[in-house]
Every structure is written in structure tokens, then in C-alpha cells.
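The values are calculated or read from the model by the stated rules, or taken from the named source; none is laboratory data. No experiment lies behind these values; they were computed from the predicted model shown. All Cβ positions, glycine included, derive from the backbone under ideal geometry; neighbour counts span all protein chains shown. Ligands, DNA and RNA are stripped out before the accessible areas are found, and what is left, the full protein with its side chains, is counted by its heavy atoms. Shrake-Rupley method; radii C 1.70, N 1.55, O 1.52, S 1.80 Å.
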Amino acid sequence: MKAYIKAIDYYLPVKVLTNTEIAERFPEWSAEKVASKVGITERHISADNETAADMACQAAEKLFKVNEGVRENVDFLLLCSQSVDYKLPSSSCILQNRLGLKTSCGAFDFNLGCSGYEYGLAVAKGLIVSGIAKNVLLLTAETYTKYINPEDKGNMTIFGDAATATLISTDGFAEIGKFVLGTDGSGAENLIVKTKGARIPNVTGNKVEDENGNVQWDDNLFMDGKAIFDFTSEAVPAMTEELLKKENLKQDDIDLWVFHQANKYMINYLRKLMCIDKDKFYVFMDKVGNTVSSTIPIALTEAKKEGKLNGNVLLAGFGVGLSWGGTIIHC
């Protein structure tokens, strides 16, 4: 049995943070400088009372609205999020009820970031190929902007909030191929929120500034940009090479490359490093920013609208964990 992407859609919060607004807070950075550096002009910000589960619900409802009869046939729900509503229960269980899915539907959350979409596709394919499910609803939703310190102009320019919904089934427009997945937990502290978990349950208010003026807050999102860049530069080319071998394909056989939309500098560096044709390299981040596990499904949705999902499409996610994952979908 094979597994396919059958439908896909996404949701963005109403509130928008523009580069002009960021420049007003940090006059040393012009709106043009931010755009040229990260390739993002605006990003969507979840409302104070809007959670990742709320956004995931909106994305799913959008998908159901244009795909009649899907709601009744979903028999497994997967939610990828690092911004869940509660310590327990799982947000996926709450979403099963909110979305009106049948009670025979399996559901669970998995905590993963920028590689989460590929991991979700892998799990969904496994459920279908094994005969456990026929229609899997994969949701990604993240509210990283709630983790960013108001003084952290670097991360503020990069991250936005979003949610996506993908239906994986026994038929569809894109067959899901083989996978390469990897993990290196030795780099966990390079992208982290240290407090408010079981290890350090209480906020500390601590912050440390290094010799270059970079600040790390215990209670907010910290990203060591250089360490993440170095990891990505090594992991992604190796992952894609292994993936091509698994699929018995050459680089020229890939019709479209869709990487995690981290930021303009990073993905352009990877494209040049890997000698990928610019016309085959899809970028969609200008108006949404880095939405973590949602970047690739958002890009896929837009590429589909543009008629660019044809042939072999390579997906590559990488980031927090450290974690990476790739697959090729055949459209």
C-alpha cells in the first residue's frame, strides 16, 4: 500500500508585525536592512488569547471547507507542536472533539520543531502502509513569538506564528517516498527555552551576555545562530545525498526543492553550496517568516497554487533538537 498527500492548507493569525514596526523599536535596524538580511518583510503574530491548538483548528476547518466529506473519514490525528495548550491532556485529544472527528479516531501530539513536518509525514505513512489508518490528518502549529523576549530583535525579525493541515491518505496528488531522519541531541542547548519545563520549572529572570553582545535569556527563546548555521551546512547536504541514493535518483532528477524556510541567508547559502538551480528552489517566507514546522507545508500549499508541484519534489527540514528530516514526494 502507498501513502499520498491528498489535501493541504494553512492558517495565519490576523495580527501582522512589519519590519517598519521593528525598526521603530530598534532604530539601528532599518526595515530594508531586516528584509535584505533575513528575506522577511512581515510575520503573523498570534493573539494573546490565541493558542497553537486554536490555530490548528482553524487550519483544519479551512481544509474541511474545501474538501467535502473529509471530516467524517479522518481516522487518525497527529499534532506537531512545541506550544501545546496544557501539560496534559494532549492538545490532539482536545482537537478531536473541537473538530467533530469520530471517537474511533486515534490522536497524539509530538513535540518537534523545524523537521516536524517530515517526521509527521513519516508517521502518517507508517500508519497507512501498516493498515492502522486510511486517512491521517497531520496538523502543525506553533506560537514561537510568545517565547521571544521583547528585547530580542534578532529572533523577532525571523519567527512568525502559523498552523497547517495536511490530509495523508491512500490516494492523492503526491505519493510520499522514502525518508532520511536524524537527531543530534548534543546540540540541544543551541536552540532552547530553558525554563517552565520539568527540568527548571520556575522562571529565573537570568540573562547572560557574551563578548559579542549576544544575550541568552533562561525564560525566552535562545538561538545560537552560528551553531545552527554550522549544523545545517553539514547535515542538510549529507541528508539529501542519502535520500537521493535511497530513491535511486540524481540531483538533476529533482524538479523542485522545498527546504525549511529558516531565513534568506541560510537557505540561499545551502542552495549555492549544493549547486541547486535557482529556478528549482522554492522560497515562500517574505510575508510569513519562519513558522517552524509549518514552513514546508505552507510553501507546498503556495507551490501547488502556482502549479509548481510536478515530478519529484524534495522536502528538507532541519533545526531545533537538533533534528533533521527529508523525503521526496512524487507529484
(request) Determine the distance separating the Cα centre of the range 54-122 from the Cα centre of the range 271-331; give it in Å without decimals. (result) 22
(request) At 0.36 nm per residue, minus the direct Cα-Cα distance, what do residue 153 and residue 15 gain on full extension? Give it in nm, one decimal, please. (result) 47.9 nm
(request) Please work out the FRET efficiency for the pair residue 129 and residue 245, using the Cβ-Cβ distance as r and a Förster radius of 25 Å; give the result to the nearest 0.05. (result) 0.75
(request) Leaving ligands, DNA and RNA out of it, report the carbon-plus-sulfur percent of the accessible area of the range 92-233 at a 1.4 Å probe. (result) 50
(request) Return one whole number: the accessible area per residue of the chain in Å², for a 1.4 Å probe. (result) 45
(message) Run the numbers for residue 206 and residue 268: contour at 0.36 nm per residue of separation, minus the present Cα-Cα distance, in nm.
(response) 18.8 nm
(message) Using all alpha carbons of the range 4-73, what is the percent of pairwise distances in each 10 Å bin, ordered from the shortest bin to the longest?
(response) 17, 32, 26, 17, 7, 0
(message) Give me the extension gain from residue 189 to residue 68: residue separation times 0.36 nm, minus the current Cα-Cα distance, reported in nm with one decimal.
(response) 39.2 nm
(message) With bins 20 Å wide starting at 0, give me the P(r) of the chain over every alpha carbon pair, in whole percents.
(response) 32, 60, 8
(message) Can you give the Rg/Rh ratio of the range 19-162, where Rg is from the C-alpha atoms and Rh is the Kirkwood radius?
(response) 1.06
(request) Could you tell me the accessible area of residue 295 in Å² (1.4 Å probe, neighbours in place), rounded to the nearest ten? (result) 0
(request) Under a cut-off of 15 Å between alpha-carbon atoms, report the aspartates and glutamates in cross-link reach of residue 178, not counting same-chain residues fewer than 8 places apart. (result) 118, 241, 242, 247
(message) Let me check I've understood the local charge: for residue 323, count other residues with C-beta under 10 angstrom from its C-beta, Lys and Arg +1, Asp and Glu -1. What total comes out?
(response) -2
(message) Based on alpha-carbon centroids, what's the gap between the range 194-219 and the range 132-189 in Å, whole number please?
(response) 24
(message) As a test, work out the antiparallel percent of DSSP beta bridges whose residues both lie in the chain, rounded to the nearest 5.
(response) 70
(request) Leaving ligands, DNA and RNA out of it, report the carbon-plus-sulfur percent of the accessible area of the range 1-57 at a 1.4 Å probe. (result) 53
(message) Among the listed pairs 102/125; 125/308; 87/194, which have their C-alpha atoms separated by more than 18 angstrom in this model?
(response) 102/125; 125/308
